[in-house]
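The block underneath contains the structure these notes are about, expressed in structure tokens.
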Amino acid sequence: MSNTDVSPDNEVIERSAREPAVFAMLFDRHAKSVYRYVAQRLGDHVADDVMSETFLVAFERRSAYDVSVSDARPWLLGIATRLMRKHARVEAVAWKGLSADMAAQIVPDFIEQAGSRIDAERLSRRLGTALRRLSDGDRDTLLLYAWGDLDYASIAAAMQVPVGTVRSRLNRARRQLRRAAGITTLEQETDHGRIDTAPQHS
């Protein structure tokens, strides 16, 4: 299989049962995405190790992959998410230094509500505290959405839970973060499963 092979991920995984070396195609396609997601949560100093372990675990478990799913990225991010739980203490420290820019990725209307950069930095610290207090499931779901850039169905696959559970966790987590930041919005779901937020009008 060449570097220009355009076979979907599921076909690559199936073929890797006979030709293990082709599994490297998944690394070439998704390593940057996995690294970026882990680095945002744990920092660059841990991301390399978790990314490498993610692909090692994926290779060892490739026979259990659902070959009806063409895109392996949700599966890989799910593995990375579970591996990161071993680094809970590192992540808790990272939340203390949550930047305003990163907070805005998690709560899109955050900067608009903050009013100024100083206010944004102050609110980001409050959001960091709120993130630490979320349950593992709620926090993982929220960050797979915000930083993993997955839709509801993909998060459900990554977390191995029903889509309804994803929806409940995401809505609950966002409500808690908005409450911590003093933000009031009306949430509406779009047809493609991503949340569209609009300010409430009094």
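From the C-alpha gyration tensor of segment 7-95, pull out the three semi-axes of the equivalent ellipsoid (sqrt of 5λ each), sorted largest to smallest, in whole Å.
Semi-axis lengths for segment 7-95 are 26, 11, 11 Å.
Please work out the C-alpha center-to-center distance from segment 73-95 to segment 27-48 and express it in whole Å.
Segment 73-95 and segment 27-48 have Cα centres separated by 10 Å.
Which distance in nm do the two modelled labels at residue 70 and residue 171 give, with both placed 7 Å along the Cα-to-Cβ direction?
So the two model labels end up 3.1 nm from each other.
Calculated FRET efficiency, residue 125 and residue 89, Cβ-Cβ r, R0 30 Å, to nearest 0.05?
0.95
Could you calculate the contour length gain from residue 63 to residue 179, that is, 0.36 nm times the residue separation minus the distance between their Cα atoms, to one decimal place in nm?
Gain on stretching residue 63 to residue 179: 37.4 nm.
FYI, it's all coordinate maths here, none of it is from the lab. Nothing here was measured: the structure is a model prediction, and the numbers come from that model. With ideal geometry, Cβ positions are generated from the backbone for all residues, glycine too; neighbour counts draw on all protein chains shown.
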